[in-house]
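Written out below as structure tokens is the structure these notes cover.
Taken together, the values in this text are just the output of simple stated rules run on the coordinates, not laboratory data. Since the structure is predicted, the reported quantities are computational estimates derived from the model, not experimental observations.
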Amino acid sequence: MTEDHRRIDGLCGLIQSMPWGDPRRKRTARRITAELGGHAKAESRFLFPAVRRRVPKGRTLAAGGLGDHVRIHHRLAGMAELKPEDARFDLLVTRLVPDLDPMERLLAGDSN
């Protein structure tokens, strides 16, 4: 899962580095969506149950992670409907990256 996060992090850095309106941003958003789909399933199936059982405040952390998944899914679904030159697409890109950070901290062992 950590490798998934690195790959997704790289894609997020890539999409953020591309100029506004660049059609490659749409393709990169699709790649992020594909990566996150399988990753979210793996977290839900393996990581969150382990966190619930073994980490202090694990139920709260896992619930927060599931909430993050829902929020991220909505952002990506919104991006799928927009063209990369739409200002709303850029806004969703800007909001997507911070939504991914909590799970990265959890995997790194930082529950703050």
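Pull out the extension gain between THR2 and LYS41, defined as 0.36 nm times the separation in residues minus the alpha carbon to alpha carbon distance; nm, one decimal.
12.6 nm
What's the extension gain from THR94 to VAL55 if we count 0.36 nm per residue and subtract their Cα-Cα distance? Before the final figure, lay out the partial values.
Working: separation 39, 0.36 × 39 = 14.04 nm, distance 3.06 nm.
Stretched out fully, the THR94 to VAL55 stretch lengthens by 11.0 nm.
Counting only complete DSSP H runs, which helices of the chain cover 24 Å or more along their long axis at the Cα atoms and score a mean Kyte-Doolittle of -1.0 or above?
Once both thresholds are applied, what remains is 58-80, 87-108.
Viscosity 0.890 mPa s, temperature 25 °C: Stokes-Einstein D of the chain from its Kirkwood Cα radius, in µm² per second?
Approximately 170 µm²/s, per Stokes-Einstein.
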